[in-house]
Amino acid sequence: MRKQSYSVHLSPGQLHRDMIQVFINKCLRRIWNIHWPDRITNKALWKKSSEQPVLEQLRRKKWNWIGHTLRRSDDSIAKQVLL
């Protein structure tokens with residue numbers, strides 16, 4: 001089995017996000033029983049499964065957390081650190 005190589009220009013965070021996205025795409029293709037001759041784009045796969053790319057999910061969760069933290073009381077440590 002051939003080991004995949006990644007560009008040196010990717011940050012560790014970007015590399016991990018890409019690897020997680022590849023894993024999720026593989027799982028979705030298995031769930032929907034899509035094999036290599038049946039070509040389907042990632043966007044079509046996400047639309048079929050009502051999913052979003054990992055980066056969009058992380059951004060949404062981060063903004064949800066920020067909004068939750070800003071609604072906390074002023075003496076909250078998390079809010080003080082955020083501000």
In degrees between 0 and 90, to the nearest 10, how far off the longest principal axis of the chain does helix 54-70 point, with axes built from Cα atoms?
-> 10 degrees
If R0 = 41 Å, then Ser50 and Leu70, at their Cβ-Cβ distance, give a FRET efficiency to the nearest 0.05 of 0.90
Pop out the ³J(HN,Hα) list for segment 72-83 in order, Karplus 6.51 cos²θ - 1.76 cosθ + 1.60 with θ = phi - 60°, rounded to Hz; leave Gly and Pro as x.
-> 6, 5, 5, 8, 5, 5, 4, 5, 5, 5, 5, 8
So what's the angle, to the nearest 10 degrees on a 0 to 90 scale, between helix 12-31 and the longest Cα principal axis of the chain?
-> 50 degrees
Report which label in (i) 38, 16, 11; (ii) 41, 13, 8; (iii) 35, 18, 9 holds the value of semi-axes √(5λ) of the Cα gyration tensor in Å derived from the coordinates of this structure.
-> (iii)
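Read-outs throughout are calculated quantities, based only on the coordinates presented, and are distinct from any laboratory measurement. All figures in this text were calculated on a predicted structure; none of them were measured in a lab. Backbone-built Cβ (ideal geometry, glycine too); neighbour counts: all protein chains shown.
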